[in-house]
1. Can you name every residue in segment 78-110 that is within 23 Å of residue 11 (Cα to Cα), open to solvent by 50 Å² or more (accessible area, probe 1.4 Å) and not basic (Lys, Arg)?
2. Can you name the condition, by its number, that residue 103 falls short on among (1) touching a residue at least 40 places away in the same chain (Cβ under 8 Å); (2) out of contact with any His (no Cβ under 8 Å at 6 or more places or on another chain); (3) under 22 Å from residue 128 (Cβ atoms); (4) among the charged types (D, E, K, R)?
3. From (1) over 12 Å from the mean Cα position of the chain (by Cα); (2) farther than 30 Å from residue 140 by Cα; (3) not charged (D, E, K, R), pick out the condition that doesn't hold for residue 66.
4. I'm trying to understand the selection: among the residues of segment 1-17, which are of a type in the set (Val, Ile, Thr) and in a helix (DSSP H, G or I)?
5. Out of 140, 113, 42, which single residue is more than 17 Å from the chain's Cα centre (by Cα), under 24 Å from residue 20 (Cβ atoms) and either open to solvent by less than 40 Å² (accessible area, probe 1.4 Å) or not charged (D, E, K, R) (or both)?
6. For a quick check of your reading: which helices (runs of 4 or more DSSP H) sit entirely within segment 41-140 and have at least 3 residues that are within 11 Å of the ligand (Cβ to nearest atom) and at pLDDT below 95?
Amino acid sequence: MMWKEKYKIGVPLVDQQHEELFKRVSEFIQTVQKKGIWTEKLDKVKETMAFMQEYVVVHFHDEEVYQEEVEYPERESHKQDHTQFKEAVGNYVNRFKEEGYSEELVQEFSGKLVAWLIMHVAAKDQKIGEYVDAQERGEL
Ligand SMILES: [Fe+2]
């Protein structure tokens, strides 16, 4: 899962945070998928969970503040997307605590993480950039 230049929305802070998210998630996927003893991978899994919970909150907040500033029309539904994602991560955190970090559950989580990140960053976040471009061109 590679970061691509085309994912940039033209807002340096947001782009930088997205790139970091992609980097961390792809490291996580590599760890989960590589051969080896499962228990030895758990540190990385736990580190990623902690990172996702902290970093994502900061990132979503920054992105939401930016959307307010530019009065992005779809900011409310975008915010709901962020909320749902935080809840989904929170649910997995709880399941890991209750059921343990089984390989199966971690695989499931990693699949969801990648799907969500690509869908969101490569589609929904792009629309913010398109809106700002149109605004700058005086079309709105
Ligand atoms: Fe977003």
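The values are calculated or read from the model by the stated rules, or taken from the named source; none is laboratory data. These figures come from a predicted structure and were not determined experimentally. A quick note on method: Cβ atoms are made from the backbone with ideal geometry, for glycine too, and the neighbour counts reach across all protein chains shown. Areas reflect the complete protein model, heavy atoms only, side chains present, ligands, DNA and RNA absent. Shrake-Rupley method; radii C 1.70, N 1.55, O 1.52, S 1.80 Å.
1. 80, 83 - these are the residues of segment 78-110 that are within 23 Å of residue 11 (Cα to Cα), open to solvent by 50 Å² or more (accessible area, probe 1.4 Å) and not basic (Lys, Arg).
2. The number of the failed condition is (3).
3. (2)
4. Pass one, segment 1-17, residues of a type in the set (Val, Ile, Thr): 9, 11, 14.
Passing the criteria: only 14.
5. 42
6. Correct list: 103-119.
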